[in-house]
Structure formats: structure tokens, C-alpha cells
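S.K.: Quick one: structure below, then a few questions.
The values are calculated or read from the model by the stated rules, or taken from the named source; none is laboratory data. Not measured: the values here are computed from a predicted model. Reconstructed Cβ throughout: ideal geometry from the backbone, glycine too, with neighbour counts over all protein chains shown. Keep in mind that these areas ignore ligands, DNA and RNA; they rest on the heavy atoms of the full protein, side chains included. Shrake-Rupley method; radii C 1.70, N 1.55, O 1.52, S 1.80 Å.
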Amino acid sequence: MTETHEDISIIRHGDTLDVVFNRPEKHNALTPQMYDAIAGACRSADSDREIRLLTLRGAGGEAFSAGSDIGHFQTFSSFHDGLDYESRFVGVLTELEKVRVPTLAVIDGVCAGAGLLLAAACDVRIATHGSRFCLPIARTLGNSLSVHSVALLADRIGSSRLMSLVARAGVMSSDEALRNGFLSDCATETEFASLTAQVSRELLAAAPMTVWTIRESLRRIRTRSITDNDDLMRMIYSSDDFKAGVDGFLRGERPVWAGV
């Protein structure tokens, strides 16, 4: 089975469903259509009992994903569009966290923004040495994350490290990501295919219901105190700073933040 959507491919290799972000010229920036295809792949894995593993990866060897395609934000006419975007993305993360089979993020290169969150939603993350992890929204767009996304990243890398990544627009190296537990394994470029094959075999050998119940238990623990944050999203997506951030990013200029 191979499904080729615009900018994304879903390829079945035996009992593995491989989701490939295929916009290397854009560092695999994610469009709304790609989000829909990811959710569709999760549903395919749920409905086909012969699928035992779902993997996410980026094409081109330069990026897993640099995050959301910023051009899409130009279409926003009010904060309602921002709320709809965040709700749609949380829906994709939830589909990925609830899929019945083990999930593996195969990271080679930049893993940023929404790409970082998709990787965080997977059970296991592996990467090449030299891969980089970041969340530069306070430097680039002036937008924010849903409380669901904040809780997910805080769980995976710690709240202090998350705040530092955001506030300082820092970059987390693969070595640091390995030390803090975000990654399970790293390898050189030449050894990465062997590592991917090894980890895939291990996940394929796991009892899927065991993996799912542990993941679901952790998800329930994490989300038990999550409350609505539409007020924060309204403030962000109706702000002058967000408009300036999107316009500046697409012009290749650094925005001047006004704080309103």
C-alpha cells in the first residue's frame, strides 16, 4: 500500500506504515493537508490489524520537519482561525497518541515547532548525531502553543528546558536530547539506517496492547489537569505581534515586538 498525497507519502512495508514528510525544499514544513494525511495514517493503522508499527520521518536528510508552513498563517483573518488551527493540530497529536500500534519518530536534521510536537507524541524517538531541536516562536512568529502541546513538551523535556528553548530561542542538540530522555538512541549518519532497523524490529516484537495501555496511562496522567486556554489563544492570534511575526518571517525580516 502506498498513498501519495501532496507533500506527504504513506508507504506500507509489510507490517510497518511509514509516513514520510516530503517537502525537502521547504525543510518538510507541514501544511493542513499534511496534518490530515497524518491523522488518516493513524486511522489506517487502527483499521488494519496487520499493521504493527507506525513511523514518521522527513525526506531529504536535512530536516524531520521545520514546523508548520508559515504561509498558511497569512490566511488568518481573525483569532477564530488561530483557535481552529490549534484545535486541528491537537486533534492530530491526539490521533497519534491514541493509535493502537507503537510509534517511532525517525529524526535526521532539524526538528522544530510542530515537527517537535509530532515527534514528542511518538512512543520512541531516534536521531542522527547533529540533529537539532528547537521551538523558536518567540523569535520568529510571536504565536503560542495550546496548553495540550505545552503539557506534552513539558512532559518530554521538562518545563525549565521548555521555557529556555522558547524564551531564548535556543537549540537542543541531539546529545542533550539523548541525555534528558527525549531521544532513546542516536547514531552517526552511516549507522542510522541500522539503528532504525534495529529499533523497528524491537517495536514490532512488542505486545501492542501493552505499549498502548502504558502510553494511554501516561497520557491520562498528563492531561488530567489540562483546562481550556482559548482566552490565551484569542489574545495571541488577535495580537499585532503575531501579524508582524508572520509578515516578517515571510519577508525574511526580524519583527519588532510591541507586546500587543
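S.K.: Describe numerically, in nm with one decimal, the distance between label points set 7 Å from Cα along Cα→Cβ at ASP84 and at GLU253.
M.R.: Using points 7 Å along Cα→Cβ, the separation is 2.9 nm.
S.K.: Taking the Cα atoms only, what angle lies between the long axis of helix 79-98 and the longest principal axis of the chain, rounded to 10 degrees?
M.R.: Result, in degrees: 20.
S.K.: Between ALA154 and ARG224, what length comes free when the chain is fully extended (0.36 nm per residue of separation minus the Cα-Cα distance, one decimal in nm)?
M.R.: Taking ALA154 through ARG224 to full extension adds about 23.8 nm, to one decimal.
S.K.: Can you find, among LEU53, SER9, PHE21, the residue sitting farthest towards the positive end of the charge dipole of the range 1-64, where Lys and Arg contribute +1 and Asp and Glu -1 at Cβ?
M.R.: LEU53
S.K.: A further question follows. Quick one: among ASP241, ASP155, ASP84, which has the greatest mean-square fluctuation in a GNM of the chain with alpha-carbon springs under 10 angstrom?
M.R.: For the chain, modelled as a Gaussian network with Cα springs under 10 Å, the answer is ASP84.
S.K.: I would also like to ask the following. At 1.4 Å probe size, with no ligands or nucleic acids counted, give the accessible surface of GLU189 in Å², nearest ten.
M.R.: Here the accessible area works out near 110 Å².
S.K.: Please find, in a Gaussian network model of the chain (springs between Cα atoms separated by less than 10 Å), the residue of SER131, SER194, SER239 whose mean-square fluctuation is greatest.
M.R.: Comparing SER131, SER194, SER239 in a Gaussian network model of the chain, the most mobile one is SER194.
S.K.: Please report the orientation-averaged projected area of the chain, defined via the convex hull of its C-alpha atoms, in nm².
M.R.: 13.2 nm²
S.K.: Additional query: Normalised radius of gyration for the range 36-116, please: alpha carbon Rg relative to 2.2 N^0.38 Å, two decimal places.
M.R.: 1.23
S.K.: Using just the helices of the chain, give the 222 nm mean residue ellipticity in deg cm²/dmol: DSSP H runs with n ≥ 4 each add -39,500 (n - 2.57), and the total is spread over all residues, rounded to 500.
M.R.: Roughly -15000 deg cm²/dmol at 222 nm, from the helical runs in the chain.
S.K.: So, one more: Regarding the range 87-130, what is the average projected area of its C-alpha convex hull, in nm²?
M.R.: Averaging across all directions leaves 3.1 nm² for the Cα convex hull.
S.K.: Treating only the Cβ atoms of Lys and Arg (+1) and Asp and Glu (-1) as charged, compute the dipole magnitude of the range 1-68 about its Cα centre; round to the nearest 20 debye.
M.R.: Working: 7 positive and 11 negative charges, 26 e Å.
With only Lys, Arg, Asp and Glu charged at Cβ, the dipole is about 120 debye.
S.K.: Quick one: if the Förster radius is 45 Å, what FRET efficiency do SER194 and VAL260 give, using the C-beta to C-beta distance and rounding to 0.05?
M.R.: Computed FRET efficiency for SER194 and VAL260: 0.30.
S.K.: Of all DSSP beta bridges in the range 1-139, what percent run antiparallel (nearest 5)?
M.R.: Approximately 35 percent, going by the DSSP bridge assignments.
S.K.: Just read off the accessible area of HIS72 with the full protein assembly in place, 1.4 Å probe, to the nearest 10 Å².
M.R.: Rounded to the nearest 10, the figure is 60 Å².
S.K.: Along Cα→Cβ, 7 Å out, is where each label goes; now give me the distance between the ones at ARG201 and GLN33 in nm to one decimal.
M.R.: So the label points at ARG201 and GLN33 sit 3.9 nm apart.
S.K.: Next question. Using alpha carbons only, how many degrees (0 to 90, rounded to 10) separate the axis of helix 240-251 from the longest principal axis of the chain?
M.R.: Result, in degrees: 70.
S.K.: Can you tally the net charge around THR223? Count Lys and Arg as +1, Asp and Glu as -1, for every other residue whose Cβ sits under 11 Å from the Cβ of THR223.
M.R.: On the way: positive: ARG219, ARG220, ARG222, ARG224; negative: GLU97, ASP155, GLU216.
Taking every other residue near THR223 into account, the sum is +1.
S.K.: Please give the FRET efficiency for LYS98 paired with THR75, using the beta carbon to beta carbon distance and R0 = 30 Å, rounded to the nearest 0.05.
M.R.: 0.55
S.K.: Which part of the range 100-114 falls in the paramagnetic zone of HIS5, meaning amide N under 20 Å from the point 7 Å along Cα-to-beta-carbon?
M.R.: Correct set: 100-107, 112-114.
S.K.: Moving to a separate point now. Please state the charge dipole magnitude for the range 176-223, taken about the Cα centre, from unit charges on C-beta atoms (+1 on K and R, -1 on D and E), reported in debye and rounded to the nearest 20.
M.R.: Numbers: 6 positive and 6 negative charges, 84 e Å.
The calculated dipole for the range 176-223 is roughly 400 debye.
S.K.: Full-extension gain between ASN180 and ARG234, please, as 0.36 nm times their residue separation minus the C-alpha to C-alpha distance.
M.R.: Full extension of this stretch gives 16.1 nm more.
S.K.: Follow-up question, since we're still on this one. Give me the net charge for the shell around LEU116: Cβ to Cβ below 11 angstrom, other residues only, Lys and Arg +1, Asp and Glu -1.
M.R.: Summing Lys/Arg as +1 and Asp/Glu as -1 gives +3.
S.K.: Note down the Stokes-Einstein diffusion coefficient of the range 106-260 in µm²/s, whole number, using a Kirkwood radius over alpha carbon pairs, 4 °C, and 1.567 mPa s.
M.R.: 75 µm²/s
S.K.: Starting at 0 and stepping by 10 Å, how many percent of the alpha carbon pairs of the range 101-166 end up in each bin?
M.R.: Calculated over all Cα pairs of the range 101-166, the distribution is 20, 55, 24, 1 percent.
S.K.: When Lys and Arg each count +1 and Asp and Glu each count -1, what net charge do the other residues less than 13 Å away from ILE137, Cβ to Cβ, add up to?
M.R.: Neighbour charge sum, excluding ILE137 itself: 0.
S.K.: If I build a Gaussian network model for the chain, linking alpha-carbon pairs within less than 10 angstrom, which residue out of SER144, SER173, SER47 has the largest mean-square fluctuation?
M.R.: SER47
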